[in-house]
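Input: a single structure, listed below in structure tokens.
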Amino acid sequence: MTTTLITGGTVVSATGRAEADVLIDGETIAAVLAPGSLLLGTDVAASVDNVVDATGKYVIPGGIDAHTHMQLPFGGTEASDTFETGTRAAAWGGTTSIVDFAVQTYGQRVQDGLAAWHEKAAGNCAIDYGFHQIIGDVNEASLEAMRTLPDEGISSFKLFMAYPGVFYSDDAQILKAMQVSRDTGMLTMMHAENGPAIDVLAAQLFEQGKTDPYYHGIARAWEMEEEATHRAIMLAKLTGAPLYVVHVSAKQAVEQLAWARDKGQNVYGETCPQYLYLSLEEQLGASSEQWGRFEGAKWVCSTPLRSREDRHQDAMWQALRTNDLQMVSTDHCPFCMKDQKELGLGDFRKIPNGIGSVEHRMDLMYQGVVSGEITLERWVELTSTTPARMFGLYGRKGVIQPGADGDIVVYDPNGHTSIGYGEGRTHHMNMDHSAWEGFEVDGHVDTVISRGKVIVDGGQYLGSKGDGRFLKRGLSQYLV
């Protein structure tokens, strides 16, 4: 087995930082040593296979993106990143584990949906991967099948209050699924938007000739997110189910989560980089020479980008500081403009929903450290430690300690990263544009180690297809 010593760096955890050396033996961390420690002999560096010099750099647990959609069929097309291309891009950006979504579509057995995603991912991933289960058809058979999911290492499932006719569940279906959540300990994940009302608003806008991507954000008004978030909270309270609200974008939805948490309810939420940095006015309302006012399609996602004038972005950062939101995931669901996003030319309702961010989450969140929005420790907590705890991976993932998987990122605070699709910029996702074109980050992912194997180093990708393994997850370790 290969041994690797990471020496000279500052090990950063969710609770602090210290100068320390990290020894990896095979696939797991064997020791975290004080600099100059003689515990393992007089010259550990001379006795190992590889030495990584992390002098002046941060040594952090590998990032965990707990919300991705590789190869997701949506809107008449399929997300452009495969498990191979998407996980390789994730690795470039310092993410060493993802939790993707297996999909049960209407009329399909839950078991068959899960099997289809295992087939897509197996042998193709560059990093470790797990699954949540989307329940797109809540019925008696699927409710029964859900009870078997924890035995398969699937300890969370997702419901949609949006997308009638595709993934939508009504309140009665949500109630029944949440009763299974209560009985099994599984975490209910919720896309909280009032889908039927949104569809009415979207149709009215279209009839008025308001067809540009900007109106995607107008139709999916923040009131629709706040209302659905409150309704999900009340159904969870009634049933006793733990609730995790995905991609929170509206400050009013955060207020609902904070209200429930202040009453002691097991309610949690994530946001995404797009809701911290991007906006309705600047991105959805963008125009370009190539695409005209359709330029904004690059940033069509749901929940939508919110108004900067209303300061939703500031509220998201504040919620991350106060722990009213616990995590940052990406909701990575990329589509190319050509032949995919352009399906919605002339009708914003037909634009495939999704932004590609899996490669950039760690960098974008580190920039929040640089700008004083969050602390260094909170960066690690939001991007690695809490995702591991929330989704039953902590101990193996999300921490640098003996016995944990050797998933480690060496991050250079004195480095620089230019994000974008153009030459000299970082872009490894399978897309024909970047939603983050022109973003500059005062830091750089230098070395990425996945289960003891160096997969990115010195600007080179050293991993290979199939390096990643399926993560059989336990129940959430974050619930009170």
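The values are calculated or read from the model by the stated rules, or taken from the named source; none is laboratory data. Keep in mind the model is a prediction, meaning the values are calculated, not measured. We place every Cβ from the backbone using ideal geometry, glycine too, and count neighbours over all the protein chains shown. SASA here: full protein model, heavy atoms, side chains in, ligands and nucleic acids out. Shrake-Rupley method; radii C 1.70, N 1.55, O 1.52, S 1.80 Å.
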*Please work out how much length the chain gains when fully extended from Lys465 to Val166, using 0.36 nm per residue of separation minus the C-alpha to C-alpha distance, in nm with one decimal.*
104.4 nm
*Cα to Cα, under 18 Å, and not fewer than 8 places away if on the same chain: which lysines meet these conditions relative to Lys350?*
Lys210, Lys298, Lys338, Lys341
*Spin-label model distance (nm) - Ser288 vs Ser371, 7 Å beyond Cα toward Cβ*: 2.2
*Theoretical ellipticity at 222 nm over the chain - DSSP helices of four or more residues, -39500 (n - 2.57) apiece, nearest 500*: -8000 deg cm²/dmol
*Can you tell me the accessible area per residue over the chain, all protein chains present, probe 1.4 angstrom, in square angstrom?*
36
*Tell me which lysines have Cα within less than 22 Å of Lys465's Cα, excluding those fewer than 8 residues away on the same chain?*
Lys120, Lys397, Lys453
*Counting only protein heavy atoms and using a 1.4 Å probe, what share of the accessible area of the stretch 23-130 belongs to carbon plus sulfur, as a whole percent?*
52
*With everything on Cα atoms, drop me the angle between helix 361-370 and the longest principal axis of the chain, reported from 0 to 90° to the nearest 10.*
80
*Each residue of the stretch 125-133 in turn: what ³J(HN,Hα) in whole Hz from Karplus with 6.51, -1.76, 1.60 and θ = phi - 60°, glycine and Pro shown as x?*
8, 7, 9, 5, 9, x, 10, 8, 10
*Binned Cα-Cα distance frequencies in the chain - 10 Å width, integer %*: 4, 21, 32, 27, 12, 3, 1, 0
*Expressed as a whole number of Å, what is the distance separating the alpha-carbon centroids of the stretch 313-384 and the stretch 18-83?*
23
*Heavy atoms only, probe 1.4 Å: what % of the accessible area of the stretch 328-370 goes to carbon and sulfur, would you let me know?*
50
*Can you give the angle from 0 to 90° between the axis of helix 110-121 and the longest principal axis of the chain, with both taken from C-alpha atoms, to the nearest 10?*
50
_Inter-site label distance for Asp339 and Trp259 at 7 Å from Cα along Cβ, in nm_ = 4.7
